[in-house]
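Notes for the one structure printed next.
Bear in mind that the values in this text are calculations on the coordinates, not laboratory data. In this text the structure is predicted, and so the values were computed from the model without any measurement. When we count neighbours, we look across all protein chains shown, and the Cβ atoms used for this are built from the backbone with ideal geometry, even at glycine.
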Amino acid sequence: MLEARQLPGHALAELANLFVDVIKGGSLTNGKSLELFSTVLTALASSKENLAYGKGELNGEEFKKQLINTLCSSKWDPRCVIHLANMFRDIPLSGEELQFVVEKVLRMFSKLDLQEIPPLVYQLLLLSAKGSKKTVLEGIISFFNQLDKRQKEEQRVPQSVDLEVATMPLDQLRHVEGTVILHIVSVINLDQDLGEELIRHLKAEQQKDPGRGLCPFSVALLLSVAVKHRLQEQIFDFLKTSITRSCKDLQFLRASKFLQDLFPQQHDITAVILEVVKNSAFGWDHVTQGLVDLGFSLMESYEPKKPFGGKAADNSYGLSKMPAQQACRLGASILLETFKVHEPIRSDILEQVLNRILTKAASPVSHFIDLLSNIVVSAPLVLQTSSSKVTETFDNLSFLPIDTVQGLLRAVQPLLKVSMSVRDSLILVLQKAIFSRQLDARKAAVAGFLLLLRNFKVLGSLSSSQSSQAIGATQVQADVHACYNSAANEAFCLEILGSLRRCLSQQADVRLMLYEGFYDVLRRNSQLASSIMETLLSQIKQYYLPQPDLLPPLKLEGCIMAQGDQIFLQEPLAHLLCCIQHCLAWYKSTVRLCQGAEDEEEEEEEGVGFEQNFEEMLESVTRRMIKSELEDFELDKSADFSLSSGVGVKNNIYAIQVMGICEVLIEYNFNIGNFSKNKFEDVLGLFTCYNKLSEILREKAGKNKSALSNKTARSFLSMGFVSTLLTALFRDNAQSHEESLAVLRSSTEFLRYAVSVALQKVQQLEETGQTDGPDGQNPEKMFQNLCKITQVLLWRYTSIPTVVEESGKKKGKSISLLCLEGLLRIFNTVQQLYSARIPQFLQALDITDGDAEETDINVTEKAAFQIRQFQRSLVNQLSSAEDDFNAKETQSLITVLSTLSKLLDPASQQFLQFLTWTVKVCKENALEDISCCKGLLSLLFSVHALYKSPVGLLRELAQDIHACLGDIDQDIEVEGRCHFAVVNAKTAAPTVCLLVLGQVDKVLEEVDWLIKKLTSLGSDTSEDSSQASNQTQALEKGVILQLGTLLTVYHELVQTALPSGSCVDTLLRSLSKTYGILTSLIKHYIQACRSSSNTIPGRLEKLVKLSGSHLTPQCYSFITYVQNIHSESLSFVEEKKKKKKDDDAAAVSTVMAKVLRETKPIPNLIFAIEQYEKFLIHLSKKSKVNLMQYMKLSTSRDFRINASVLDSALQERSLEDAENEPHNDQSSTAEQTDENQEPKKKRQRKK
């Protein structure tokens, strides 16, 4: 072998041919001899001799090239592929030869056993140091992508697998992929250019075909490269951009049937990345760090912007709507799934999550708290090993906002159940915090202690199944009594209660947290009942006046505190009474019933003691509150309620407390009344007191327009009671209840109040995800209450029309209208908070089908049934007399229909029926109310877009607008056709016109998106180019048809005599955008003509012809029309100025500014038209088709340089200058005068 270089050329040629024959024959047994072959080929390349080849002669270099060509064209034995790949590394190869070799090796992948792929890939990667990096990477990624797809297909349809094609086991495939990724990463560490080529290649592929570019294998490869490489930032930026773009594209596609038809297969990159997490379980340790980094990067880049003040920022409904929020949710999913799959990295993930909760306290951390909660629930026992990290976090509780503290404690709660050390460290922190000077620290301590009391039951307490608190601790069946005996556990809880009692002398905020938390503690830890009830009793006694004839029954002055000039609420008395009422009701209904004969008499007597005390107290307070006049509380109509004075603040506090006490007593008396007439009279008496104060506050708020005074106080009624009350008032038909309920039903104000409170509760649920009062944070209970309330409101609204009710209405909204507003809010809330339970919700509303199985619920059918009820109501409104027409109700009905229509399947018959009905309503009803017209047309557009493209609809509307407003040429009479009655003199401009242009813009966005897709498909030169070509043709056809119809829409609008202002401005901008998109389409065809010899399609010629005949000339006429309008307005101001004979410069400058603002889009439009024509000329040259024959070069812009008019204007100006002061800018004034004068002449000619 060492002497091979010394051999003559013909001998080298014979040796080389011998090797080629051996390889072609498949008789090469090992790779050792190939070392000689590589030496021979290298020597041949440098040989200067002419060697015989076939009938002619070739020099050494050419001979070597032919040998390599022959070799790569022949069949290789799979056993020698790796040896051959290794051999080619030692041979000097030209770029073309290297490409031959690389393509041949890549083709051999499918012939080899899976286990042989990694070493071959490694050889190929080393070979890529010579060049063809893109081909190597593309081949490897494509091969594994195809294997993954085949594997998925076989898992989905195992019976369809051809028995002859034996497939590899899944775990084997994943291990091979993992090894290959490791090889690529190791080579990239040696060859930086390979890494950059990888990113370049994937970016290019992502533009062409997202499904081929970012597949599970390529994403895993990128994440592995990102861990220890300078390309990390570049890779994460690319992945994040791809994720948000994928989310945006999916959002775009879901809103348009036109796009769905063109792209039936929707690529979702979020699913791909989650698949990488799943695949990484097969020993892909090199991917895990990249996954973790990507997860945190996504969560931080796209975190919620809303301050963490409630649940609104972290609700799943919010996170599913916006691409950025979806990306944030994906980051959390990546981290959670990685945590479940990879044990070694768990502590790292937990530590990073906790660190972010602590360090980002000032910004929203709800998404990190949700993640922590899911992590703890998924593996509380595993987390015991990382408990030190949790206890370190507890040390910082005092410095965190109260919302963050509550979220954090709720999240780690299951861990507290299984780790005594974590619990003990928390207690130490809380005991320190309760004596802190900081209010937030004390509130954190109260929140923590209440959580402990709720979740560490004293032995003998009732089962927590009797309460429905939605709490993660139910996931963990761990018995704390294994470590602590009964006495110790009870002592522990009583010690906490003792600490909490000290808080009852602190600020109102701290007391409020206690009163809101005691009920849940009592319900989950019933053995603490006597301690809690005694605490509440001693607290209320401080403010209760026991003398039976003393009015009022409570000392309100003890509830406030003065600090200097400021007055503060010290004791939230209404909340204290509310807490007592709920705790007493629960105690009576649960504990007393469950007490057996074995209970100690002493305990029973103690229970009866406080129970009797509370009942007598509440009875006395009720009686005396009804007797009390407003003057007894130092409140009446003459009282000061302004928030600027100390007296006003005090009166406001008193009023809110008295109203709250009335509401608490209303709920108490209704619940214990058992439909007694006397009790219901008490309820009405209490409501009268409440209502008087409410009226006074409302009246004072009207006078004082400050934001605080206009804020309605939150109702103290619980959500459960509201549903019970509404059901009793509107749906209870029991004969025995009729007489007592008649008392409440006789008061329209009380009925309106009940519905208003329901509306307020639903609004609170919609905005924060929870409501005040018992079970307010329990999603299941809230859902049940929503269903009950909806049943009642729906029955009330559909049974008693607003028209019937209006006659007896004095003031305020009618009950029917309130019911409708409530229904609208509920339908929105259910779709946002309970989207997974919509079938059950619709089932609950359908009382005719109550026994149907949950699996049989057809959401579309149920939703269509509800839609029909509201359709009838809307038709009744639209067909009612003008005096009876209620615009507010009509608007709400349209919004309800819009909300419910989202539940219909766009492919269903019911959806088509709803669309047909909506079109019919728009065609037959001449609505003159602007807001109703806007709502109806918006509904029509949103529904129509899910059925088919709305361009035809837009053309009809544009024709109606043209017919309604007339033509820009006053001599032309527009044909009086009318497709839609909703387009009339009052609504045509600006309402309908702006809505049509808004919808046109959406269609333009879709077309622009498609043209970008076309451009990326046009650059695809892969093997699937024929498939891409078919798709390109389909896209081109869709784009041209859409644009063609849009041009006819513009053809109508640019000839319409639109009033100056928003319509003209929006139309001019929209036209500029259209010409820009037409230019993009022409550029696409110029590129297509460059890359292939294809001629341009006939439909493009038709589109160009249409733009030349139906749009461009009319655009110039419209520009003239717009300038004429503005010239007239300027002339009018000038005339006015002359008549007044005084210098009214301000008026002129205002009009001038308006004119300049409204004519600003004109130069942009002219430029866009000229750019379009410029690229048409380019395309005509490239395609050899004269497209410019359809375009008429307009001279309508020459009106600016009318010599005779300019001359006369200058003469007139010189006469004016002799009388007035000289103008600073004579040239601009002359031009302005030119614009002022010429249109007048044109108008005269028309007359």
Legend entry - Length-normalised contact order of region 817-921 in % [C-alpha pairs under 8 Å, at least 6 apart]: 32 percent
Inset, instruction - Would you calculate the separation in nanometres between label points at PHE1167 and ARG698, each defined as 7 Å from the Cα along the Cα-to-beta-carbon direction? - result: 5.7 nm
Inset, instruction - In nm, give the distance between the simple-model label positions of ILE672 and ASP884, each being 7 Å from the Cα along the Cα-to-Cβ direction. - result: 4.8 nm
Legend entry - Phi to ³J(HN,Hα) by Karplus 6.51 cos²θ - 1.76 cosθ + 1.60 over region 123-136, Hz, x for Gly, Pro: 4, 5, 5, 5, 5, 5, 4, 6, x, 6, 4, 4, 4, 4
Legend entry - Integer Hz, Karplus 6.51/-1.76/1.60 couplings in order for region 717-723, x for Gly and Pro: 5, 7, 4, x, 5, 4, 5
Legend entry - Around SER110: net Lys/Arg minus Asp/Glu count, Cβ-Cβ under 12 Å: +1
Legend entry - Label zone at LYS1174, where the point sits 7 Å out along the Cα-to-Cβ direction: region 1055-1078 residues whose backbone N lies under 12 Å: none
Inset, instruction - Within 10 Å, count the other beta carbons around each residue, average over each peptide in 402-408, 66-72, and list them highest first. - result: 402-408, 66-72
Legend entry - Distance in nm between pseudo-label sites at ARG437 and ASP640 (7 Å out along the Cβ direction from Cα): 3.4 nm
Legend entry - Estimated FRET transfer efficiency (GLN146, SER1062; beta-carbon r; R0 45 Å; 0.05): 0.25
Legend entry - Under Karplus coefficients 6.51, -1.76 and 1.60, residue-wise ³J(HN,Hα) of region 434-448 in Hz, glycine/proline x: 5, 9, 5, 6, 7, 4, 4, 5, 5, 5, 4, 5, 4, 4, x
Inset, instruction - Over 27 Å between C-alpha atoms is what I'm after, so list which of LYS134/LYS340; LYS1102/LYS1192; LYS111/LYS134; LYS257/LYS1174; LYS75/LYS130 land there. - result: LYS134/LYS340; LYS257/LYS1174
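What pairs from LYS541/LYS677; LYS788/LYS888; LYS248/LYS948; LYS1037/LYS1083; LYS240/LYS1013 go past 23 Å between their alpha carbons?
LYS541/LYS677; LYS788/LYS888
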Legend entry - 5 angstrom amide H check on ALA1057, placed H, neighbours 5+ away: GLY966, ASP967, ILE968
